[in-house]
1. Which one of Asp194, Asp165, Asp183 is surrounded by fewer than 19 Cβ atoms within 10 Å (Cβ to Cβ), closer than 19 Å to Met1 by Cα and out of contact with any Pro (no Cβ under 8 Å at 6 or more places or on another chain)?
2. Residues being of a type in the set (S, T, N, Q), at positive phi and without any contact (Cβ under 8 Å) to a residue 24 or more places away in the chain: count how many of those fall in segment 8-39.
3. Does Lys16 satisfy the criteria of being surrounded by 15 or more Cβ atoms within 10 Å (Cβ to Cβ) and at pLDDT below 95?
4. Can you tell me how many residues within segment 199-218 are assigned to a strand (DSSP E or B) and either among the hydrophobic types (A, V, I, L, M, F, W, C) or closer than 15 Å to Leu235 by Cβ (or both)?
5. Report yes if Tyr134 is farther than 27 Å from Leu34 by Cβ, among the hydroxyl-bearing types (Ser, Thr, Tyr) and either under 13 Å from the mean Cα position of the chain (by Cα) or surrounded by 19 or more Cβ atoms within 10 Å (Cβ to Cβ) (or both), otherwise no.
Amino acid sequence: MIVLKQVSKSYNGKIKAVDQIDLTVENGEIFGFLGPNGAGKTTTIKMMTGILTPDQGEVLVNGYDIVKEPLAAKRSFGFVPDDPNIFPRLKAVEYLRFIGDIYQVPPAERTERIGSLTARFGLADALADRIQSYSHGMRQKLMIVGALLHNPDVWILDEPMTGLDPRSSFVLKEMMREHADSDKTVFFSTHVLDVAEKVCDRVAIIDRGRILFCGTIEGMREHVRSNSSLETMFLELVGDAGNGEAQA
């Protein structure tokens with residue numbers, strides 16, 4: 001579970017990237033976090049993962065306060081950032097062993113999980129290669145495998161399908177559903193609204209640092225009084241927010 005209570009973050013003391021947002025992501029669901037560029041998605045995710053400290057508010061991940069109990073909180077989630085920049089001079093297997101050491105994954109479990117995860121993503125035959133020889137998509141898959149190596153209860157994925165081939169995207173969506181169905185949590189941001197509409201149990205739309213909507217797709221249709229696609233409703237909500245600000 002992930003809980004954000006009245007969380008805000010400003011840059012340079014002026015630009016409010018996130019403005020007093022409240023969110024609760026339950027166990028057993030895939031939760032989509034949607035918004036245009038500059039809406040506050042990445043800032044929110046960085047606060048959830050402890051990269052940034054909130055100016056105010058509270059962030060709980062799996063019951064742990066990310067500010068007061070950072071190590072316990074970070075052990076409970078796996079994080080895939082939006083840019084797969086990882087140690088290029090390491091071999092892929094060295095990187096995964098390093099991650100296993102950080103999270104204290106027992107050797108037998110580590111070997112089993114490296115084998116099963118890399119097999120699902122088609123990386124098993126490239127583990128001896130240096131990461132600098134990997135394509136963007138291969139690095140993204142390696143990042144995902146590393147994030148899931150310690151079998152965390154909470155997955156936090158920032159644009160996880162960027163650069164993935166269709167088969168790997170399908171595998172990841174399948175794994176997300178399996179994880180949520182085991183009463184665990186999947187939180188992910190995406191610009192691919194068709195994917196969000198198909199896989200998410202609930203979504204939140206953020207724009208200009210504020211949550212415009214949080215709920216199911218059907219709930220959104222009732223909210224905007226429309227039977228449209230998620231893409232159409234998203235554009236309507238974000239457009240209305242922009243028009244409201246322009247008129248204020």
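1. Just one listed residue meets the conditions, Asp183.
2. Going through segment 8-39 one residue at a time, the tally reaches 1.
3. Criteria met by Lys16.
4. Just the residues of segment 199-218 that are assigned to a strand (DSSP E or B), to begin with: 202-207, 210-215.
Still in the list and also either among the hydrophobic types (A, V, I, L, M, F, W, C) or closer than 15 Å to Leu235 by Cβ (or both): 203-207, 211-214.
The qualifying residues number 9.
5. On the way: farther than 27 Å from Leu34 by Cβ: yes; among the hydroxyl-bearing types (Ser, Thr, Tyr): yes; either under 13 Å from the mean Cα position of the chain (by Cα) or surrounded by 19 or more Cβ atoms within 10 Å (Cβ to Cβ) (or both): yes.
It is true that Tyr134 is farther than 27 Å from Leu34 by Cβ, among the hydroxyl-bearing types (Ser, Thr, Tyr) and either under 13 Å from the mean Cα position of the chain (by Cα) or surrounded by 19 or more Cβ atoms within 10 Å (Cβ to Cβ) (or both).
The values are calculated or read from the model by the stated rules, or taken from the named source; none is laboratory data. Small disclaimer: the values here were computed from a predicted structure and weren't measured. Methodologically, a virtual Cβ is constructed for each residue, glycine included, from the backbone with ideal geometry; neighbour enumeration extends over all protein chains shown.
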